[in-house]
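To start, the structure under review is shown below, and the notes come after it.
The values are calculated or read from the model by the stated rules, or taken from the named source; none is laboratory data. Here the structure is a predicted model, which means the values were calculated and not measured. In this analysis, Cβ positions are derived from the backbone assuming ideal geometry, glycine residues included, and neighbour counts consider all displayed protein chains. Only protein heavy atoms, including side chains, enter the accessible area calculation; ligands, DNA and RNA are left aside. Shrake-Rupley method; radii C 1.70, N 1.55, O 1.52, S 1.80 Å.
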4 protein chains.
Amino acid sequence: MDKKEENGKIAGVPRTDLALEVRETFEEDNVEIQGVVLKEDYDKKKDIRVTTVTIKDQKGADAMGKPIGTYITIEAPKLGEEDESFHEPITKEIAKYIKQLAGETSKREILIAGLGNRDVTPDALGPQVVDNLFVTRHLAKEFGNSFLEENNMGNVSAISPGVMAQTGMETSEVLRGIIRETKPKLVIVIDALAARSIHRLNKTVQITDTGISPGSGVGNNRKALNKDSLGVDVIALGVPTVVDAFTIVSDTMEQFMSKQGFGEKEIHQFMNELNEETMGNMFVTPKNIDETIKRISYTVSEALNKCFA
Amino acid sequence: MDKKEENGKIAGVPRTDLALEVRETFEEDNVEIQGVVLKEDYDKKKDIRVTTVTIKDQKGADAMGKPIGTYITIEAPKLGEEDESFHEPITKEIAKYIKQLAGETSKREILIAGLGNRDVTPDALGPQVVDNLFVTRHLAKEFGNSFLEENNMGNVSAISPGVMAQTGMETSEVLRGIIRETKPKLVIVIDALAARSIHRLNKTVQITDTGISPGSGVGNNRKALNKDSLGVDVIALGVPTVVDAFTIVSDTMEQFMSKQGFGEKEIHQFMNELNEETMGNMFVTPKNIDETIKRISYTVSEALNKCFA
Amino acid sequence: MDKKEENGKIAGVPRTDLALEVRETFEEDNVEIQGVVLKEDYDKKKDIRVTTVTIKDQKGADAMGKPIGTYITIEAPKLGEEDESFHEPITKEIAKYIKQLAGETSKREILIAGLGNRDVTPDALGPQVVDNLFVTRHLAKEFGNSFLEENNMGNVSAISPGVMAQTGMETSEVLRGIIRETKPKLVIVIDALAARSIHRLNKTVQITDTGISPGSGVGNNRKALNKDSLGVDVIALGVPTVVDAFTIVSDTMEQFMSKQGFGEKEIHQFMNELNEETMGNMFVTPKNIDETIKRISYTVSEALNKCFA
Amino acid sequence: MDKKEENGKIAGVPRTDLALEVRETFEEDNVEIQGVVLKEDYDKKKDIRVTTVTIKDQKGADAMGKPIGTYITIEAPKLGEEDESFHEPITKEIAKYIKQLAGETSKREILIAGLGNRDVTPDALGPQVVDNLFVTRHLAKEFGNSFLEENNMGNVSAISPGVMAQTGMETSEVLRGIIRETKPKLVIVIDALAARSIHRLNKTVQITDTGISPGSGVGNNRKALNKDSLGVDVIALGVPTVVDAFTIVSDTMEQFMSKQGFGEKEIHQFMNELNEETMGNMFVTPKNIDETIKRISYTVSEALNKCFA
């Protein structure tokens, strides 16, 4: 069974970095999945929904096409909008779940990596988060380790490694090198993600203790960034900011063909004809993505500063 | 007849800023258009194709849905790619046609306006062109008018007025004010355009003496920028860098439905159902748009420097 | 009497955009100045000092070398430092004095202009303030004038006009054009200033109802921006971010020579020998100016948003 | 003897990253230095002067206060100015000497590191050079090693590691980690330097095979970057873009005091009184530094592309 079909849908259709969207493809089919536990909380007043998908064993991992671990999704429809309180409730929510996954390491050496391309607006989330971080590791070197403790600060370093087209290196190579040299206890990677539905864009934060698997994202040539590849615990925080152009076209087509009574085979065949090549390097994003990325990256960096600085 | 149908196609489908693409919708139907003259040149060695669409009278204007005037399209498949000679042949071609449209004013007072949003990568073409321009108007003020003549320089001023979400003002208001105050003889507006086909993205330069009409572009709230609205001759130079998300989906659907034998009425009805609202503020662009915009803006600014500086 | 001596000091020495520093040159000499009233408030808890210099008549204006009007200086030593509360007390103080000078116009049409060069860090204050503003004027155009009233919003437009080397135009030309076209009731110009003492850098905000006079600043070729030149009330808000290289050298020299007992004539002569040309286009600024400008521009934009949005 | 006096001058005075300027302090004193060889070439037509300072042994190193090695200085007064040929002669000269120092490795694996702070204009030289590089290492990974050979390309990777205030890490830590992981044969570090004289700013390129020693630069907290610390050959290319504020003041003072007949002891004493603390974190740079950095970084990146891409 090829990788695409592991997601339980016909080839080529679903392209998402969100565990929640993978889970939904099953819901539509009303399927119960062994090894996968779902928990949902909704705070009506704040309009924030938190869904925790726990993949407990290999069976669940096979069904979901994602590694064993915890995937927390915070849905906040106003995440990307102008807000006088600077999204304080969302900031608190993000901080709470990062701390939960970080556990006891939260006041120890942490490296935060802002993945993505600073020069492509919807991919600039990671670098812009890093720009707003309060880094402290050098203060420990300058004033002694006790300085951070006395001031109740974590030990935070940060890097925006750039993308392969800029550096000629895999992000995993750059991070592995830095980690071996500076020996953080925990790495947090921040990245812009690809969603399947445009309705999720800039409204969702996914936090997971599984790191990042080879996936689409905005630039789809990433290698895995997880405990296996980096040798240290990895938390990944991602926000969907784009939909693949191919996904948006094929989803619309599939819905239309199903409604018109085309059989699965016909649909499958048409999808194979749809030239993925042409659209393979194209993404869809909103026109006001600059303001959105600025606000979300500010909210995420404030959450990280609250946790560790 | 509503505006959308003026383009001669069913509602909602064609969304393009390129006269060439409007013309093509007729070619497909094998229609001859009164009042519209087409001329094509292809330089095989340089792989550059230049198409001139001249709309000669109101009949042609009505049929094309575009104002009377000259639309020159330079198609150069390698425009956005890495190039050791820095696209010198394309630079020359662009300069040649700008001069042709500018006529005798080419060494007189010229204001170049880089439209678009500096912070949204595919919309940053205009501001990035302005960043690379050689402006000279202040030298005339400082060293006397003869200084520019003696050095064989044009009199060039430039502005990146930003977009309405940043300024609260229409681009036309900002430019009209500046023009009344500084009295240039010619205004050249540079803008990122929307194409209908992803195959045209970053491969085409359109130069026209009609200015810019209310259109899509990346941010679709522009008012007209032309001799009527600005009170001075206007040349518009545009490069398609995005396709509307709605266009890419509806085009694929329409092709599929035609092929499947659906009637025009059914297609029309489905297109109306396709929720344009949802996709109305989304655009499609390539993942490496940062490098592409950097190269193209450099090429365009070199062409302008060659013409006027 | 040449312009430099109007400041009451020997030629070439004082180069400051701060009324407070001009006033101090007299204090040193223990001179009382006719037509100039000084008022000082110090809030010990917040460590914020507010000095109001009121130049009441032409005599005072002649003595100070600055136009008749009110100059409010807010000194806050921590203005440029990292702060968990995002400088809320300073934000409130700035907002209070802007409102005081703006008077009844504070909820009417206001244009905010961010002067300076976005690409030279200490001169980027104005453009960075504009980047963080909440502009609303287009909402009134889109949803009707009552929309802003109902939402208790001011009518704010904003522009970063760039500097003459980028545009070929005087800032006054660009602003006058835009003002004639969009007819704001009040213009607020934001600018990076030159101080005389490095101890004041990034610690002081000057707010005045006199606009900006031809002065040094970071780029010293500005024409006046005031009610006379723009035809509308002008408030100027400035923060000193640089000291002229010539000033820092000549001040040190003068102090040394005075202490050594050199006479005024000898000092005067040496200063004339000091090659101002060489250092005339050089400025002095701190190495961490990037973080400082980011924080101060955020504080100033929040103050403006509080006043008008 | 403290470090400052190793330069052969009184404490606190000379602060320069340029071997040429260190050498000049001896020239003034007409001293011949054992273990140091000087060679000079001047091309009158191109107005380019190349000086090679070779420090041959420890005696020379002690006298110069710089490590054993070759220091090539290319002086080109027009380096930072507008130029229609894009500084092609200087580009060629830089490429020639990089190749000379790189030797046979020039077509093998090379990592280029752009040091400095992207957000402080005169310190952005390194990052801006990297932005314009043609990186190729990932092409070898994607298309096989022979791909680069067949296309006569070098194997180039690149990184802009940021500065300690942004990352919490020493540049040497970040680079050492990446080097261990990606195993380049040669590292080239690009950096903005501090000169002693404002007359050298943006007119000089220094290329050396000794790497970078702990020094001033714009941000003065760098650790050594050389074969010892990085475990691989290191070439450093630097351009002076700033003068320390303390240097400019103390140099002027010293000249004045010497001329006035003050003794060395008195001068020494006054220099110690001059509060270095106050000015210690301040630099001097020209007002048009943005254009200058843009042009020079373009010239340097073209030279590197010519060598290796």
Those chymotrypsin sites (Phe, Trp or Tyr not before Pro) in segment C:105-184 that DSSP places in a loop and that have at most 10 other beta carbons within 10 Å: none
- request: Provide the descending list of Cα extents for segment C:142-188 along its principal axes, expressed in whole angstroms.
  value: 42, 19, 17
- line: Per-residue ellipticity at 222 nm attributable to helices in chain C (runs of n ≥ 4 DSSP H, -39500 (n - 2.57) apiece, nearest 500 deg cm²/dmol) works out to -11500 deg cm²/dmol
task: Compute the FRET efficiency between A:Glu266 and C:Gln58 as 1/(1 + (r/R0)^6), taking r as their Cβ-Cβ distance and R0 = 60 Å, and round to the nearest 0.05.
output: 0.10
query: Inter-copy label distances at A:Thr54, 7 Å along the Cα→beta-carbon direction, one decimal in nm, shortest first?
result: 7.0, 7.1, 7.6
- line: Plugging the Cβ-Cβ distance of D:Lys78 and A:Lys223 into 1/(1 + (r/R0)^6) at R0 = 51 Å yields, to the nearest 0.05, a FRET efficiency of 0.65
- line: Comparing B:Thr51, B:Thr252, B:Thr70 in a Gaussian network model of chain B (Cα, 10 Å), the one with the largest mean-square fluctuation is B:Thr252
For segment B:108-122, 3J(HN,Hα) per residue [Karplus equation, 6.51 cos²θ - 1.76 cosθ + 1.60, θ = phi - 60°, Hz, x = Gly/Pro]: 9, 5, 10, 10, 10, 10, x, 6, x, 9, 4, 9, 10, 3, x
field: Where N is the number of residues in segment A:186-309, Cα Rg divided by 2.2 N^0.38 Å
entry: 1.28
Antiparallel DSSP beta bridges within segment D:4-308, as percent of all bridges there, nearest 5: 55 percent
- line: Which of A:Lys46/A:Lys306; B:Lys294/C:Lys203; B:Lys39/B:Lys203 exceed 27 Å between C-alpha atoms? The answer is B:Lys294/C:Lys203
query: At D:Glu32, with labels set 7 Å past Cα in the Cβ direction, how many nm apart are the copies from this one, shortest first?
result: 7.3, 9.4, 9.7
statement: Expected output for segment C:183-207, residues with a loss of 30 Å² or more in accessible area relative to the chain alone at probe 1.4 Å, reads C:Ile198
- prompt: Considering only the label points, 7 Å along Cα→Cβ from Cα, what distances in nm to one decimal separate C:Gln269 from the same position in each other copy, shortest first?
  reply: 2.6, 10.1, 10.3
query: Size of chain C along its principal axes in angstrom, Cα-based, largest extent first?
result: 70, 47, 41
task: Go ahead and set up a Gaussian network model of chain C, Cα springs under 10 Å, then flag whichever of C:Leu20, C:Leu148, C:Leu101 fluctuates most.
output: C:Leu148
field: Residue-normalised accessible area of segment B:4-308, given per residue in Å² at a 1.4 Å probe
entry: 41 Å²
statement: Given backbone amide H placed at 1.01 Å from N, residues whose amide H is under 5 Å from that of B:Phe283, ignoring those fewer than 5 places away on the same chain, are A:Thr285, A:Lys287, B:Ala245
GNM result for chain A, Cα springs below 10 Å: residue of A:Ser258, A:Ser160, A:Ser197 fluctuating most strongly: A:Ser258
query: Cα to Cα, under 29 Å, and not fewer than 8 places away if on the same chain: which lysines meet these conditions relative to D:Lys265?
result: C:Lys259, C:Lys265, D:Lys3, D:Lys4, D:Lys9, D:Lys59, D:Lys66
Amide H partners (placed H, <5 Å) of C:Val242, local residues excluded: C:Leu193, C:Ala195
message: Can you compute the modelled spin-label distance between C:Tyr42 and A:Lys44, with each label point 7 Å from Cα toward Cβ, in nm?
response: 5.6 nm
query: Excluding the sites themselves, what is the longest stretch of chain C that contains no trypsin sites (Lys or Arg not before Pro) in a DSSP loop with at most 11 other C-beta atoms within 10 Å?
result: C:46-309
D:Ile48 long-range amide H proximity, modeled H, under 5 Å: D:Asp43
task: Return the value, in Å² to the nearest 100, of accessible area buried between chains B and C (probe 1.4 Å, both sides summed).
output: 2000 Å²
field: nm² value of the averaged projected area, convex hull over the Cα atoms of the protein assembly as shown
entry: 49.6 nm²
statement: Carbon/sulfur accessible area of the protein assembly as shown, % of total, 1.4 Å probe, equals 45 percent
HN-Hα J in Hz across segment D:75-85 - Karplus 6.51, -1.76, 1.60, θ = phi - 60°, x for Gly and Pro: 9, 9, x, 9, 3, x, 8, 3, 8, 5, 8
